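Written out below as structure tokens is the structure these notes cover.
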Amino acid sequence: MEPGSAMLRIGELSRRLGVSAHVLRAWERRYGLLQPERSSGGYRLYSEADEHRVRVMQAHLARGLSAAEAARATLRQTAAGPRAPEPRPAAGPRALSGVDRALAEAFERFDEPSAQAMLDLLLADFTPETVLRDVLLPYLHELGECWERGEVTVAQEHFASNVLRARIAALGRGWGQGRGPRALLACAPGELHDLPLLTFGVVLYRNGWRVSYLGADTPMPDLLRTATASPPQLIVLSAVDPGRFAGLEDDLLRLAGVAPLALGGHGADAATARAAGARLLTGDPVTEAERLSRAGDLT
């Protein structure tokens, strides 16, 4: 990588990671964890790979390894690259262990650097699909239930959701480009919980689709105009709240007349989908996106 291209000086790297410059220099000197380049002015410049190694190091430290052990594990892991996916049981926050548990705890104490480090470690070890389906979606589901029971604050729920939204969206960077079929994704009017739909879009993209993402609380007239102006190969309307599809019968029929329509989320039901001539997505967003991509037939 050329110096100056996405390169950081140590002060900026320190701020991004929440690790002091003194500690970063020590890790560089003792363990070779960072591999800076020199600017024309003699400053050390650090790359995205350096940042990633520090995040993985932080995750290992959070699991209780010593600095030397964490550094050795980090260098082995980042040199080898991501491993093939491994089976992993679904688990909510109460059942999480190891790095998964550390991720939940980082969110509880509003510690974004540690949370990002945990996510880096998960994504280095497993495919995005595995992390999304078996870690993040179950975590978000139980986080919502904990909020309803008053066990977490609104601030904690918003903090975790916003960190994860940004990270999931980053997995879909460039998803509108390419030559594959295009999906138009939106949440029903009034529906603010868009992370399941965002996850669905990311997995579609990773299976060769282009994605046009409208997000939360999309007015039906706007969705219909968008679909009509440039008909996609698939329209997906999502809602977590069962009441969000009420009164949309005519709009759903119009959408289904433009392109194949699918309804998803816990708010979707078979009767509503059948009346609109729509496909009902009943599984988790990752599984449904993979199944739909394999099926080919969208009708």
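The values are calculated or read from the model by the stated rules, or taken from the named source; none is laboratory data. No experiment lies behind these values; they were computed from the predicted model shown. Quick reminder, even Gly has a Cβ in these numbers, built from the backbone with ideal geometry, and neighbours come from all protein chains shown.
Taken together, the criteria exclude Phe107 from residues that are touching a helix residue (DSSP H, G or I) at 6+ places or on another chain (Cβ under 8 Å) and under 17 Å from Asp194 (Cα atoms).
Only one of the numbered conditions (1) in a helix (DSSP H, G or I); (2) at pLDDT 90 or above is not met by Glu145, and that is (2). Would you confirm whether any residue within the stretch 217-229 is surrounded by 17 or more Cβ atoms within 10 Å (Cβ to Cβ), under 15 Å from Pro285 (Cβ atoms) and not hydrophobic (A, V, I, L, M, F, W, C)? No; the residues of the stretch 217-229 include none that is surrounded by 17 or more Cβ atoms within 10 Å (Cβ to Cβ), under 15 Å from Pro285 (Cβ atoms) and not hydrophobic (A, V, I, L, M, F, W, C).
Each row is one residue, and each column tells you yes or no for (1) under 19 Å from Arg25 (Cα atoms); (2) aromatic (Phe, Trp, Tyr); (3) crowded, with 17+ Cβ neighbours inside 10 Å; (4) at pLDDT 90 or above.
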residue: Leu45; (1), (2), (3), (4): yes, no, yes, yes
residue: Glu48; (1), (2), (3), (4): yes, no, no, no
residue: Ala62; (1), (2), (3), (4): no, no, yes, no
residue: Pro85; (1), (2), (3), (4): no, no, no, no
residue: Ala90; (1), (2), (3), (4): no, no, no, no
residue: Val99; (1), (2), (3), (4): no, no, yes, no
residue: Ala104; (1), (2), (3), (4): no, no, yes, no
residue: Asp111; (1), (2), (3), (4): no, no, yes, yes
residue: Ala117; (1), (2), (3), (4): yes, no, yes, no
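Could you tell me how many of the residues in the stretch 169-186 are in contact with a helix residue (DSSP H, G or I) (Cβ under 6 Å, 6 or more places away or on another chain) and either on the phi > 0 side of the Ramachandran plot or modelled with pLDDT of 95 or more (or both)? The number of residues fulfilling the criteria is 4. Here is the figure for the stretch 253-283: residues that are touching a residue at least 40 places away in the same chain (Cβ under 8 Å) and surrounded by fewer than 21 Cβ atoms within 10 Å (Cβ to Cβ) total 1. For Gly267, the criteria (1) at pLDDT below 95; (2) out of contact with any Pro (no Cβ under 8 Å at 6 or more places or on another chain) hold in every case but one, which is (2).
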